[in-house]
Amino acid sequence: MTKLTQSPAWQALSQLSGNLPHMRTLFADNPKRFEQLSLKKCDLFLDYSKNRLTDEVLQQLFALAKDAGLKQKITAMFNGDIINTTEKRAVLHTALRAAADADIRVDGVNVVPEVQATLAKMEQFVADVHEGRWLGYTGKAITDVVSIGIGGSFLGPKIASEALRPYWNGAVKCHYVANVDATSIAEKLKLVAPETTLFLTSSKSFGTQETLTNTLSAKAWFLAHGGTQQDVAKHFAAITSNVAKATDFGIDETNIFPMWDWVGGRYSLWSAIGLPIALLIGMDNFRELLAGAREMDQHFATAPLNENMPVIMGMLSLWYNNFFNAQSHVVLTYDHYLRGLPAYFQQLDMESNGKSAKMDGSQVDYSTGPVIWGGEGTNGQHAYHQLLHQGTALIPADFIMPLQSHNPLGEHHIQLASNCFGQTQALMQGRTFDEAMAELKDSKLSDADKALIAKHKEMAGNKPSNTILMDKLTPKTLGALIALYEHRTLVQGTIWDINSFDQWGVELGKTLGNDVLARLAADSDCDGLDASSNGLINAFKKGCI
Ligand SMILES: O=P(O)(O)OC[C@H]1O[C@H](O)[C@H](O)[C@@H](O)[C@@H]1O
């Protein structure tokens, strides 16, 4: 057993997990449960009362966090200490949204002035595009931006853009290309004209196969459709920490926006990687997004553990993962604009906490990051919610809903809210056999059939959920919400003693992909790998099955 699983708090939680009253009882026994187990911070309201929680459980969860040195880890992150130890890097996405006069040092140098200078460069660029000063090769203003990137250099900007649709100012359209599948870029290029299109390549490393291939194809298309080599500087820009590679590739140095090795890809939408967002919503709104995240940072850095929203959410999810064998966690957004958020949180959390080596290299003997998945409500209610209610797996859920809609229309929003709250209630209380029988009272079924159907209608309930509310979805509330989930990830990674900021598994995939590429391109048949891989590669080379 490891130090963690032997710790008194872990042992106590293990005991408590088997001896808890049903949540129905917890609510019936304490009329103040909602007031006591909810909090409002940074324009977000968290109701965590529908969880398998007692005061004792909470105390032990916070004791576990304290023993794991969570407070110290939070401070170390904000200070720019090298907490990404396998890559020897600081983890400072928080510096990207820090106050302009903050002093955050990496290797003794304050990084905030560089961040502010980049924001100023973004501001100028966005203004030039919006106000028609940035002209294409025929002298026309830019109407379309094609943003090329993948992973952290794609999903954050795409999802945030989608979420902030009501704030688009209409100056430009933005199209995202990630997949190396040619269909992805081919379909986008059908929508744009070379003389009015700006290509933005987002790649921290400027070495990612998909992104470079898509950028090369974009450039070839540009040159084949009227643009010349001299015109490239008017139509291609990049965001990268590898300026040399980007200039070698042919991007004009003045069109390069910097990022830094202390920003992880999946934490980078706050940097110039967020340029497509700024082009859609304007720089003032982009700064609001940063301000929302900054507020959450201040809260996370200063609030005591038991009043700290990311800590509470992180510890609750860990409670189910480690003590109830919950292998997945579902995020359900009751807002169409937030429909992409589950996929973004999936990347954020699973790439961060999908680890099994501890910081010292030894293996964990407890489960770590769960599968994160989800979708928008109410759609999921007519599909996978069935399994949430009656399946054999315990799946804790986060429900997220703004109280005011950007599209107030008839009864839509009140119905949406009724579904959201109704689902959390159903998950918590379930339905007893007697209740199911009572519902069947007036049916014409025989008593035996009534009893049989009641067995199928019976639901254990006691299924945990959090509900996160905000007045309205704005750049600021979105910033706070995303930062909340970022910090929740750190909380769990700290308790599990894993590095939430590297991604060696993803990198193995990249390396093997390159090896296979060489074999696919070779003249001779492949026979050097396992029989399955040889067979698949040779089938591709033949071009038919
Ligand atoms: O921004 P890039 O260097 O092109 O990297 C794009 C992505 O590559 C890999 O998949 C990493 O695991 C991601 O974290 C990263 O965001």
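Estimated from the Cβ-Cβ distance and a Förster radius of 35 angstrom, the FRET efficiency linking residue 327 and residue 515 is about 0.65.
In the assembled protein chains, residue 111 presents an accessible area of approximately 10 Å² (probe radius 1.4 Å). Other residues whose C-beta falls under 12 angstrom from the C-beta of residue 142 contribute a net charge of 0, scoring Lys and Arg +1 and Asp and Glu -1. Contact order for the chain, expressed relative to its length and based on alpha carbon pairs under 8 Å spaced 6+ residues apart, stands at 19 percent.
The packing ranking of peptides 528-535, 428-435, 288-295, highest mean first, is 288-295, 428-435, 528-535, where packing means the average number of other beta carbon atoms within 10 angstrom of each residue.
Scattering from segment 93-287 was approximated by placing one identical point on each alpha carbon and applying the Debye formula without solvent; log10 I(q)/I(0) at 0.12, 0.14, 0.15 1/Å stands at -0.54, -0.74, -0.86.
With 24 Å as the limit, the listed pairs 173/219; 158/472; 66/355; 50/441; 158/190 have 50/441 beyond it between alpha carbons. Amide H contacts for residue 38 (H built 1.01 Å from N in the peptide plane; partners 5 or more residues away or on another chain; cut-off under 5 Å): 48. For segment 1-121, the calculated P(r) over all alpha carbon pairs, in 10 Å bins from 0 to the bin holding the longest distance, is 11, 25, 26, 22, 13, 3 percent. To the nearest ten degrees, helix 531-542 and the longest principal axis of the Cα atoms of the chain are 40 degrees apart. Rounded to a whole number, what % of the accessible area of the chain do carbon and sulfur atoms account for, probe 1.4 Å? Of the solvent-accessible surface of the chain, carbon and sulfur hold 54 percent.
An ellipsoid equivalent to segment 79-140, defined through the eigenvalues of its Cα gyration tensor, has semi-axes of 34, 14, 8 Å when rounded to whole angstrom and sorted largest first. Distances between placed amide hydrogens fall under 5 Å for residue 466 paired with 397, 398, 399, all partners being 5 or more residues away or on another chain. Using a probe of 1.4 Å on the protein chains alone, the accessible area found for residue 175 is around 20 Å².
For the chain, the longest principal axis of the C-alpha atoms and the axis of helix 55-67 are separated by about 40°.
Residues in segment 264-270 carry Karplus couplings, in order, of x, x, 6, 10, 9, 5, 7 Hz; the curve used is 6.51 cos²θ - 1.76 cosθ + 1.60 with θ = phi - 60°, and Gly or Pro positions show x. Summarising the amide proton neighbourhood of residue 236: residues at separation of 5 or more, or on other chains, whose placed amide H is nearer than 5 Å comprise 199. Where only DSSP H runs of four or more residues are counted, the chain gives -14500 deg cm²/dmol as its mean residue ellipticity at 222 nm, each run worth -39500 (n - 2.57). Within the shell defined by Cβ-Cβ distances under 10 Å, the residues around residue 309 carry a net charge of +2, with Lys and Arg each +1 and Asp and Glu each -1.
With a Förster radius of 30 Å, plug the Cβ-Cβ distance of residue 121 and residue 213 into 1/(1 + (r/R0)^6) and report the FRET value to the nearest 0.05. According to the calculation, E is roughly 0.65.
Other residues within the sphere of radius under 15 Å centred on the Cβ of residue 76, judged by their own Cβ, net out at +2 (K and R +1, D and E -1). All C-alpha to C-alpha distances of the chain, sorted into 10 Å bins beginning at zero, yield P(r) values of 3, 16, 25, 24, 17, 10, 3, 1, 0 percent in whole numbers. Accessible surface calculations at 1.4 Å, restricted to protein heavy atoms, place the chain at 43 Å² per residue.
Helix 209-224 and the longest principal axis of the Cα set of the chain meet at an angle near 40°.
In plain terms, if you count all Cα to Cα distances in segment 282-322 and split them into 5 Å steps from zero, the share in each step is 6, 21, 19, 16, 14, 11, 7, 4, 1 percent. Taking the Cα centroid of segment 496-542 and of segment 18-92, what is the distance between the two, rounded to the nearest whole Å? If we compute the Cα centre of each part, the gap is 41 Å.
The values are calculated or read from the model by the stated rules, or taken from the named source; none is laboratory data. This one's a predicted model, so the numbers in the text were calculated from it and none came from an experiment. Glycine also receives a Cβ, built like all others from the backbone with ideal geometry; neighbour counts cover every protein chain displayed. Accessible surface areas use protein heavy atoms only, side chains included; no ligands, DNA or RNA. Shrake-Rupley method; radii C 1.70, N 1.55, O 1.52, S 1.80 Å.
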